[in-house]
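The values are calculated or read from the model by the stated rules, or taken from the named source; none is laboratory data. None of these values were measured; they are calculated from a predicted model. Cβ placement follows ideal geometry from the backbone for every residue including glycine, while neighbour counts extend to all protein chains displayed. Protein only, heavy atoms only, side chains kept; ligands, DNA and RNA dropped before computing areas. Shrake-Rupley method; radii C 1.70, N 1.55, O 1.52, S 1.80 Å.
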Amino acid sequence: MDRRLFIKLAASTAAMSAVPAVGAALAADPIKVGVLLPQSGPGGLFGPSCENATNLAVAEINGAGGILGRMIEPIFADVGGPPSDANQAALKLWKGEKVDAFIGMHDSAVRGALTNLFKGQVPYIYTPVYEGGECAAGTYVLGETPAQQLEPVIPWMAANKGASKWYLIGNDYNWPRDTNTAAKGYIEASGGTIVGEEYLPFTADNFDSNLAKIKSSGADAVLITLVGGASVGFNRAFASFGLPDSVVRLGTLIEENTLAGIGAENSKNLYSSAGYFAAIDTPAATAFSKAYHGKFGADAAALNTLGESCYEGMKLLQALAEKAGSLDVADLENAADGTSYDGPRGRATMSERHVSRDVFLAEADGAGFKVVEVFPAVSAGKNCQ
(Lines give C-alpha, C1' and ligand atoms only; values in the text may rest on other atoms or scores of the structure.)
Protein backbone atom coordinates (compact mmCIF):
# COMPACT_ATOMS: atom_id res chain seq x y z
CA MET A 1 0.00 0.00 0.00
CA ASP A 2 1.22 3.51 -0.85
CA ARG A 3 2.60 5.10 2.31
CA ARG A 4 0.71 8.37 1.80
CA LEU A 5 -2.57 6.50 1.24
CA PHE A 6 -1.96 4.47 4.39
CA ILE A 7 -1.50 7.65 6.45
CA LYS A 8 -4.75 9.16 5.07
CA LEU A 9 -6.72 5.98 5.81
CA ALA A 10 -5.29 5.79 9.32
CA ALA A 11 -6.22 9.43 9.98
CA SER A 12 -9.74 8.88 8.64
CA THR A 13 -10.22 5.80 10.82
CA ALA A 14 -9.02 7.68 13.88
CA ALA A 15 -11.42 10.54 13.17
CA MET A 16 -14.39 8.18 12.78
CA SER A 17 -13.51 6.30 15.94
CA ALA A 18 -13.59 9.59 17.83
CA VAL A 19 -17.25 10.27 16.91
CA PRO A 20 -18.79 7.71 19.29
CA ALA A 21 -16.54 8.97 22.06
CA VAL A 22 -17.95 12.49 21.61
CA GLY A 23 -21.49 11.11 21.58
CA ALA A 24 -20.83 9.13 24.73
CA ALA A 25 -19.48 12.23 26.43
CA LEU A 26 -22.61 14.17 25.48
CA ALA A 27 -24.84 11.32 26.68
CA ALA A 28 -23.01 11.39 29.99
CA ASP A 29 -23.99 15.02 30.65
CA PRO A 30 -26.20 14.99 33.75
CA ILE A 31 -29.87 15.82 33.79
CA LYS A 32 -30.10 18.88 36.00
CA VAL A 33 -33.26 18.94 38.11
CA GLY A 34 -34.20 22.06 40.04
CA VAL A 35 -35.72 20.99 43.37
CA LEU A 36 -37.76 23.81 44.90
CA LEU A 37 -38.36 23.34 48.64
CA PRO A 38 -39.28 25.58 51.59
CA GLN A 39 -36.06 25.74 53.58
CA SER A 40 -37.29 28.81 55.48
CA GLY A 41 -40.62 30.44 56.33
CA PRO A 42 -43.82 28.72 57.53
CA GLY A 43 -43.09 25.50 55.63
CA GLY A 44 -39.42 25.36 56.59
CA LEU A 45 -39.97 22.42 58.95
CA PHE A 46 -40.82 20.28 55.90
CA GLY A 47 -37.54 21.03 54.10
CA PRO A 48 -35.12 18.50 55.67
CA SER A 49 -37.26 15.42 55.07
CA CYS A 50 -38.01 16.59 51.52
CA GLU A 51 -34.32 17.05 50.74
CA ASN A 52 -33.44 13.65 52.19
CA ALA A 53 -36.18 11.84 50.28
CA THR A 54 -35.18 13.57 47.04
CA ASN A 55 -31.56 12.54 47.49
CA LEU A 56 -32.63 8.94 48.21
CA ALA A 57 -34.59 8.80 44.95
CA VAL A 58 -31.64 10.31 43.04
CA ALA A 59 -29.25 7.73 44.50
CA GLU A 60 -31.56 4.87 43.55
CA ILE A 61 -32.20 6.12 40.01
CA ASN A 62 -28.53 6.90 39.36
CA GLY A 63 -27.54 3.53 40.79
CA ALA A 64 -29.80 1.86 38.21
CA GLY A 65 -28.33 3.82 35.29
CA GLY A 66 -30.05 7.19 35.54
CA ILE A 67 -32.76 8.56 33.26
CA LEU A 68 -32.31 7.87 29.54
CA GLY A 69 -28.75 6.81 30.32
CA ARG A 70 -27.89 10.09 32.07
CA MET A 71 -27.24 10.71 35.75
CA ILE A 72 -29.46 13.10 37.71
CA GLU A 73 -27.92 16.16 39.33
CA PRO A 74 -30.36 17.76 41.80
CA ILE A 75 -29.95 21.49 42.43
CA PHE A 76 -31.87 22.72 45.47
CA ALA A 77 -33.35 26.17 45.99
CA ASP A 78 -35.28 27.70 48.88
CA VAL A 79 -38.82 28.80 47.97
CA GLY A 80 -40.10 29.35 51.49
CA GLY A 81 -40.66 33.07 50.92
CA PRO A 82 -43.18 35.01 48.80
CA PRO A 83 -43.95 33.97 45.21
CA SER A 84 -41.84 36.78 43.75
CA ASP A 85 -38.75 35.43 45.53
CA ALA A 86 -39.55 31.89 44.41
CA ASN A 87 -39.79 33.09 40.81
CA GLN A 88 -36.35 34.63 41.02
CA ALA A 89 -34.88 31.44 42.50
CA ALA A 90 -36.47 29.31 39.77
CA LEU A 91 -35.41 31.70 37.02
CA LYS A 92 -31.81 31.53 38.23
CA LEU A 93 -31.85 27.73 38.01
CA TRP A 94 -33.69 27.64 34.68
CA LYS A 95 -31.77 30.26 32.74
CA GLY A 96 -28.56 30.40 34.78
CA GLU A 97 -27.95 26.75 35.73
CA LYS A 98 -29.77 25.45 32.61
CA VAL A 99 -31.82 22.90 34.54
CA ASP A 100 -33.79 20.41 32.44
CA ALA A 101 -36.80 19.97 34.74
CA PHE A 102 -38.26 21.14 38.05
CA ILE A 103 -39.74 19.34 41.04
CA GLY A 104 -41.56 21.53 43.55
CA MET A 105 -42.84 20.92 47.08
CA HIS A 106 -44.15 24.31 48.20
CA ASP A 107 -47.37 26.24 48.66
CA SER A 108 -49.97 26.84 45.98
CA ALA A 109 -49.31 30.57 45.71
CA VAL A 110 -45.77 29.75 44.61
CA ARG A 111 -47.07 27.09 42.21
CA GLY A 112 -49.33 29.63 40.51
CA ALA A 113 -46.43 32.03 40.07
CA LEU A 114 -44.18 29.29 38.67
CA THR A 115 -46.66 27.97 36.12
CA ASN A 116 -47.02 31.54 34.87
CA LEU A 117 -43.20 31.81 34.67
CA PHE A 118 -42.61 28.47 32.95
CA LYS A 119 -45.54 28.72 30.51
CA GLY A 120 -45.16 25.05 29.60
CA GLN A 121 -41.58 25.45 28.40
CA VAL A 122 -39.96 23.17 31.00
CA PRO A 123 -41.27 20.05 32.82
CA TYR A 124 -42.56 20.84 36.31
CA ILE A 125 -43.75 18.20 38.78
CA TYR A 126 -45.72 19.53 41.74
CA THR A 127 -45.78 17.08 44.64
CA PRO A 128 -47.70 18.24 47.79
CA VAL A 129 -51.37 18.20 48.75
CA TYR A 130 -53.19 21.07 47.10
CA GLU A 131 -56.61 22.51 46.27
CA GLY A 132 -57.04 20.93 42.82
CA GLY A 133 -57.66 22.48 39.43
CA GLU A 134 -54.10 22.73 38.09
CA CYS A 135 -54.02 21.97 34.36
CA ALA A 136 -51.10 23.97 32.92
CA ALA A 137 -49.12 22.41 30.07
CA GLY A 138 -45.96 20.70 31.25
CA THR A 139 -47.17 20.57 34.87
CA TYR A 140 -47.82 17.19 36.52
CA VAL A 141 -49.37 16.84 39.98
CA LEU A 142 -48.79 14.11 42.57
CA GLY A 143 -50.46 15.55 45.66
CA GLU A 144 -53.90 14.75 46.97
CA THR A 145 -56.82 17.03 46.15
CA PRO A 146 -59.85 17.76 48.37
CA ALA A 147 -61.73 15.11 46.37
CA GLN A 148 -59.23 12.61 47.75
CA GLN A 149 -58.55 13.95 51.23
CA LEU A 150 -62.05 15.07 52.21
CA GLU A 151 -64.83 13.65 50.05
CA PRO A 152 -64.54 10.13 51.55
CA VAL A 153 -63.28 11.28 54.96
CA ILE A 154 -65.94 13.80 56.01
CA PRO A 155 -68.77 11.21 55.84
CA TRP A 156 -66.58 8.86 57.89
CA MET A 157 -66.09 11.59 60.51
CA ALA A 158 -69.85 12.16 60.61
CA ALA A 159 -70.66 8.46 61.01
CA ASN A 160 -67.85 7.53 63.42
CA LYS A 161 -67.10 10.72 65.36
CA GLY A 162 -70.45 12.52 65.28
CA ALA A 163 -68.98 15.46 63.34
CA SER A 164 -71.88 17.65 62.19
CA LYS A 165 -71.13 21.28 63.11
CA TRP A 166 -67.89 22.31 61.41
CA TYR A 167 -65.63 25.30 61.99
CA LEU A 168 -63.15 25.97 59.15
CA ILE A 169 -59.84 27.69 59.91
CA GLY A 170 -56.83 28.13 57.64
CA ASN A 171 -54.14 30.47 56.39
CA ASP A 172 -55.21 33.20 54.01
CA TYR A 173 -54.29 32.02 50.51
CA ASN A 174 -55.71 29.87 47.74
CA TRP A 175 -55.07 26.36 49.14
CA PRO A 176 -57.14 26.79 52.35
CA ARG A 177 -59.85 28.88 50.68
CA ASP A 178 -60.34 26.58 47.73
CA THR A 179 -60.08 23.45 49.90
CA ASN A 180 -62.80 24.81 52.17
CA THR A 181 -65.02 25.66 49.20
CA ALA A 182 -64.91 21.96 48.29
CA ALA A 183 -65.27 20.90 51.94
CA LYS A 184 -68.53 22.81 52.33
CA GLY A 185 -70.13 20.64 49.66
CA TYR A 186 -68.90 17.44 51.32
CA ILE A 187 -70.09 18.61 54.75
CA GLU A 188 -73.54 19.51 53.43
CA ALA A 189 -73.80 16.17 51.63
CA SER A 190 -73.06 14.36 54.91
CA GLY A 191 -75.81 16.27 56.72
CA GLY A 192 -73.51 18.75 58.45
CA THR A 193 -73.44 22.54 58.71
CA ILE A 194 -70.77 25.25 58.81
CA VAL A 195 -70.79 27.24 62.05
CA GLY A 196 -67.70 29.38 61.41
CA GLU A 197 -64.97 30.14 58.89
CA GLU A 198 -61.87 32.32 59.09
CA TYR A 199 -58.44 32.80 57.53
CA LEU A 200 -55.28 33.96 59.26
CA PRO A 201 -51.97 35.39 58.07
CA PHE A 202 -48.93 33.11 58.11
CA THR A 203 -47.50 35.26 60.90
CA ALA A 204 -50.38 34.57 63.30
CA ASP A 205 -49.09 33.37 66.66
CA ASN A 206 -51.91 34.17 69.09
CA PHE A 207 -55.09 32.14 68.65
CA ASP A 208 -57.05 33.06 71.78
CA SER A 209 -59.76 35.00 69.94
CA ASN A 210 -60.10 32.28 67.29
CA LEU A 211 -60.48 29.57 69.91
CA ALA A 212 -63.03 31.64 71.82
CA LYS A 213 -65.08 31.86 68.60
CA ILE A 214 -64.82 28.12 68.08
CA LYS A 215 -65.94 27.46 71.64
CA SER A 216 -68.93 29.81 71.41
CA SER A 217 -69.96 28.52 67.95
CA GLY A 218 -70.97 25.13 69.30
CA ALA A 219 -68.70 23.39 66.79
CA ASP A 220 -68.09 19.68 67.31
CA ALA A 221 -65.49 19.48 64.50
CA VAL A 222 -62.75 21.76 63.17
CA LEU A 223 -61.19 21.46 59.72
CA ILE A 224 -57.63 22.83 59.89
CA THR A 225 -55.81 24.14 56.80
CA LEU A 226 -53.05 25.99 58.64
CA VAL A 227 -49.45 25.51 57.52
CA GLY A 228 -46.36 24.53 59.53
CA GLY A 229 -45.72 26.75 62.53
CA ALA A 230 -49.23 28.23 62.46
CA SER A 231 -50.71 24.74 62.70
CA VAL A 232 -48.40 23.86 65.59
CA GLY A 233 -49.30 27.01 67.52
CA PHE A 234 -53.03 26.66 66.90
CA ASN A 235 -53.21 23.02 67.95
CA ARG A 236 -51.18 23.59 71.11
CA ALA A 237 -53.46 26.46 72.08
CA PHE A 238 -56.53 24.37 71.17
CA ALA A 239 -55.56 21.85 73.82
CA SER A 240 -54.92 24.53 76.43
CA PHE A 241 -58.52 25.77 75.94
CA GLY A 242 -59.78 22.29 76.87
CA LEU A 243 -61.48 21.82 73.51
CA PRO A 244 -60.25 18.31 72.57
CA ASP A 245 -62.71 16.68 74.98
CA SER A 246 -65.71 17.89 72.97
CA VAL A 247 -64.37 18.89 69.52
CA VAL A 248 -62.68 16.64 66.99
CA ARG A 249 -59.96 18.07 64.74
CA LEU A 250 -59.23 17.08 61.14
CA GLY A 251 -56.15 18.37 59.32
CA THR A 252 -55.13 17.94 55.69
CA LEU A 253 -51.54 19.07 56.27
CA ILE A 254 -50.78 17.70 59.71
CA GLU A 255 -47.90 15.28 59.23
CA GLU A 256 -45.23 13.79 61.48
CA ASN A 257 -43.10 16.95 61.80
CA THR A 258 -46.13 19.09 62.63
CA LEU A 259 -47.37 16.48 65.12
CA ALA A 260 -43.99 16.49 66.85
CA GLY A 261 -44.31 20.25 67.30
CA ILE A 262 -47.88 19.94 68.59
CA GLY A 263 -46.82 17.37 71.18
CA ALA A 264 -48.51 14.16 72.31
CA GLU A 265 -50.14 15.94 75.25
CA ASN A 266 -51.98 18.28 72.85
CA SER A 267 -53.07 15.75 70.24
CA LYS A 268 -56.21 14.18 71.71
CA ASN A 269 -58.99 13.75 69.13
CA LEU A 270 -56.70 14.92 66.31
CA TYR A 271 -57.01 13.27 62.88
CA SER A 272 -55.15 13.72 59.62
CA SER A 273 -56.01 12.72 56.06
CA ALA A 274 -53.14 12.04 53.62
CA GLY A 275 -51.76 9.71 50.98
CA TYR A 276 -48.86 8.62 53.16
CA PHE A 277 -47.91 8.23 56.81
CA ALA A 278 -44.72 6.76 58.22
CA ALA A 279 -46.89 4.23 60.06
CA ILE A 280 -48.24 2.62 56.86
CA ASP A 281 -47.49 -1.09 57.07
CA THR A 282 -47.15 -2.30 53.48
CA PRO A 283 -44.13 -3.96 51.84
CA ALA A 284 -43.47 -0.90 49.65
CA ALA A 285 -43.75 1.58 52.53
CA THR A 286 -41.62 -0.60 54.81
CA ALA A 287 -38.89 -0.91 52.16
CA PHE A 288 -38.91 2.87 51.66
CA SER A 289 -38.58 3.52 55.40
CA LYS A 290 -35.74 1.01 55.68
CA ALA A 291 -33.87 2.59 52.76
CA TYR A 292 -34.44 6.12 54.12
CA HIS A 293 -33.14 5.41 57.60
CA GLY A 294 -30.39 3.20 56.24
CA LYS A 295 -29.08 6.13 54.23
CA PHE A 296 -29.70 9.02 56.65
CA GLY A 297 -29.71 7.34 60.07
CA ALA A 298 -32.25 6.66 62.79
CA ASP A 299 -32.30 10.34 63.81
CA ALA A 300 -32.99 11.69 60.31
CA ALA A 301 -35.83 14.16 59.73
CA ALA A 302 -39.13 12.35 60.19
CA LEU A 303 -40.69 10.62 57.22
CA ASN A 304 -43.96 12.26 56.23
CA THR A 305 -46.31 12.72 53.28
CA LEU A 306 -44.52 15.83 51.97
CA GLY A 307 -41.04 14.31 52.06
CA GLU A 308 -42.31 11.10 50.50
CA SER A 309 -43.97 13.13 47.74
CA CYS A 310 -40.54 14.49 46.70
CA TYR A 311 -39.24 10.93 46.39
CA GLU A 312 -42.21 10.13 44.16
CA GLY A 313 -41.61 13.30 42.16
CA MET A 314 -38.26 11.93 40.99
CA LYS A 315 -39.82 8.55 40.24
CA LEU A 316 -42.53 10.21 38.15
CA LEU A 317 -39.94 12.25 36.25
CA GLN A 318 -38.10 9.03 35.45
CA ALA A 319 -41.28 7.27 34.32
CA LEU A 320 -42.42 10.19 32.15
CA ALA A 321 -39.03 10.69 30.49
CA GLU A 322 -38.52 7.01 29.76
CA LYS A 323 -42.01 6.62 28.28
CA ALA A 324 -41.61 9.79 26.19
CA GLY A 325 -38.00 9.06 25.25
CA SER A 326 -37.00 12.63 26.09
CA LEU A 327 -37.55 15.54 28.48
CA ASP A 328 -39.11 17.74 25.82
CA VAL A 329 -42.45 19.05 27.10
CA ALA A 330 -44.28 18.21 23.85
CA ASP A 331 -43.11 14.60 24.10
CA LEU A 332 -44.02 14.42 27.79
CA GLU A 333 -47.48 15.82 27.10
CA ASN A 334 -48.12 13.03 24.59
CA ALA A 335 -46.85 10.38 27.01
CA ALA A 336 -48.30 11.60 30.33
CA ASP A 337 -51.72 9.94 30.40
CA GLY A 338 -51.33 6.34 31.46
CA THR A 339 -47.76 6.74 32.73
CA SER A 340 -47.26 4.50 35.78
CA TYR A 341 -44.59 4.01 38.41
CA ASP A 342 -44.20 2.17 41.71
CA GLY A 343 -43.54 4.07 44.93
CA PRO A 344 -43.94 3.76 48.70
CA ARG A 345 -47.69 4.37 48.36
CA GLY A 346 -48.02 1.59 45.78
CA ARG A 347 -48.56 1.83 42.05
CA ALA A 348 -49.60 5.21 40.66
CA THR A 349 -50.99 5.94 37.20
CA MET A 350 -51.37 9.41 35.75
CA SER A 351 -54.63 10.67 34.29
CA GLU A 352 -55.32 14.31 33.41
CA ARG A 353 -52.01 15.35 35.05
CA HIS A 354 -53.02 13.81 38.42
CA VAL A 355 -52.88 10.37 40.02
CA SER A 356 -55.48 8.25 41.79
CA ARG A 357 -54.19 6.84 45.07
CA ASP A 358 -55.12 5.25 48.36
CA VAL A 359 -55.99 7.79 51.04
CA PHE A 360 -55.32 7.10 54.71
CA LEU A 361 -57.15 8.56 57.69
CA ALA A 362 -54.94 8.50 60.76
CA GLU A 363 -55.44 9.43 64.42
CA ALA A 364 -52.66 11.02 66.44
CA ASP A 365 -51.34 8.35 68.77
CA GLY A 366 -48.75 9.80 71.11
CA ALA A 367 -45.75 10.91 69.06
CA GLY A 368 -46.98 9.28 65.84
CA PHE A 369 -50.07 8.37 63.85
CA LYS A 370 -52.26 5.26 63.82
CA VAL A 371 -54.10 4.56 60.56
CA VAL A 372 -57.79 4.01 61.33
CA GLU A 373 -59.23 3.79 57.81
CA VAL A 374 -58.02 3.28 54.24
CA PHE A 375 -59.94 4.56 51.24
CA PRO A 376 -58.55 2.70 48.21
CA ALA A 377 -57.72 4.18 44.80
CA VAL A 378 -59.50 7.50 45.30
CA SER A 379 -59.72 9.63 42.15
CA ALA A 380 -58.29 13.15 42.15
CA GLY A 381 -61.58 14.33 40.64
CA LYS A 382 -62.10 16.50 37.58
CA ASN A 383 -59.25 19.01 37.40
CA CYS A 384 -58.87 19.62 33.66
CA GLN A 385 -62.29 20.70 32.43
Considering each of Leu56, Leu114 in turn, give the residue that is touching a strand residue (DSSP E or B) at 6+ places or on another chain (Cβ under 9 Å) and of a type in the set (A, V, I, L, M, F, W, C). Leu114
If you go through segment 256-299, how many residues are charged (D, E, K, R), modelled with pLDDT of 95 or more and under 19 Å from Gly346 (Cα atoms)? 1
Let me spell it out: the conditions are (1) in contact (Cβ under 8 Å) with a residue 60 or more places away in the chain; (2) out of contact with any strand residue (DSSP E or B) (no Cβ under 9 Å at 6 or more places or on another chain), and Ser351 meets all of them except one. Which number is the exception? (1)
Being at pLDDT 95 or above, out of contact with any strand residue (DSSP E or B) (no Cβ under 9 Å at 6 or more places or on another chain) and on the phi < 0 side of the Ramachandran plot is true for just one of Ala367, Ala319, Ala330, Ala336. Which residue is that? Ala330
Residue by residue through segment 249-284, note down the ones that are part of a loop (DSSP other than H, G, I, E, B), within 20 Å of the chain's Cα centre (by Cα) and within 22 Å of Ile154 (Cα to Cα). Thr252, Leu253, Ile254, Glu255, Gly275, Tyr276, Phe277, Ala279, Ile280
Mind checking whether some residue in segment 90-102 is part of a strand (DSSP E or B) and either in contact (Cβ under 8 Å) with a residue 40 or more places away in the chain or farther than 30 Å from Val248 by Cβ (or both)? yes
Does Ala302 fit the bill of being among the aliphatic types (A, V, I, L, M), at negative phi and assigned by TED's automatic domain parsing to the domain that holds Met105? yes
If we scan segment 19-31, do we find a residue that is of a type in the set (Gly, Ala, Ser) and either modelled with pLDDT of 95 or more or within 27 Å of Pro344 (Cβ to Cβ) (or both)? no
Can you tell which of Gly297, Gly381, Gly366 is surrounded by fewer than 20 Cβ atoms within 10 Å (Cβ to Cβ), out of contact with any Leu (no Cβ under 9 Å at 6 or more places or on another chain) and either without any contact (Cβ under 8 Å) to a residue 60 or more places away in the chain or hydroxyl-bearing (Ser, Thr, Tyr) (or both)? Gly297
Of the residues Tyr126, Tyr130, Tyr186, Tyr140, only one is of a type outside the set (D, E, K, R), under 15 Å from Leu223 (Cβ atoms) and at pLDDT 95 or above; which? Tyr186
Across segment 213-223, which residue is farthest from Glu151 (Cα to Cα) among those that are out of contact with any Phe, Trp or Tyr (no Cβ under 7 Å at 6 or more places or on another chain) and touching a residue at least 12 places away in the same chain (Cβ under 8 Å)? Lys213
Does Val359 satisfy the condition of being in a strand (DSSP E or B) and open to solvent by 60 Å² or more (accessible area, probe 1.4 Å)? no
Only residues that are farther than 21 Å from Lys382 by Cβ, open to solvent by 20 Å² or more (accessible area, probe 1.4 Å) and assigned to a helix (DSSP H, G or I): list them for segment 115-163, please. Asn116, Leu117, Trp156, Ala158, Ala159, Asn160, Lys161
Criterion violated by Asp205 - all others in (1) crowded, with 21+ Cβ neighbours inside 10 Å; (2) in a loop (DSSP other than H, G, I, E, B); (3) charged (D, E, K, R) satisfied: (1)
Sort out which residues of segment 312-348 are of a type in the set (A, V, I, L, M), in contact (Cβ under 8 Å) with a residue 40 or more places away in the chain and more than 18 Å from Ala64 (Cβ to Cβ), and write them in order of number. Val329, Leu332, Ala336, Ala348
With assigned by TED's automatic domain parsing to the domain that holds Asp328, β-branched (Val, Ile, Thr), assigned to a helix (DSSP H, G or I) and surrounded by fewer than 19 Cβ atoms within 10 Å (Cβ to Cβ) as the only criterion, which of Ile61, Ile75 stands out? Ile61
Name every residue in segment 220-248 that is in a loop (DSSP other than H, G, I, E, B) and either within 18 Å of Phe369 (Cβ to Cβ) or open to solvent by less than 20 Å² (accessible area, probe 1.4 Å) (or both), in order of residue number. Leu226, Val227, Gly228, Val247
Only one of (1) open to solvent by 60 Å² or more (accessible area, probe 1.4 Å); (2) assigned by TED's automatic domain parsing to the domain that holds Leu223 fails for Val372. Which number is that? (1)
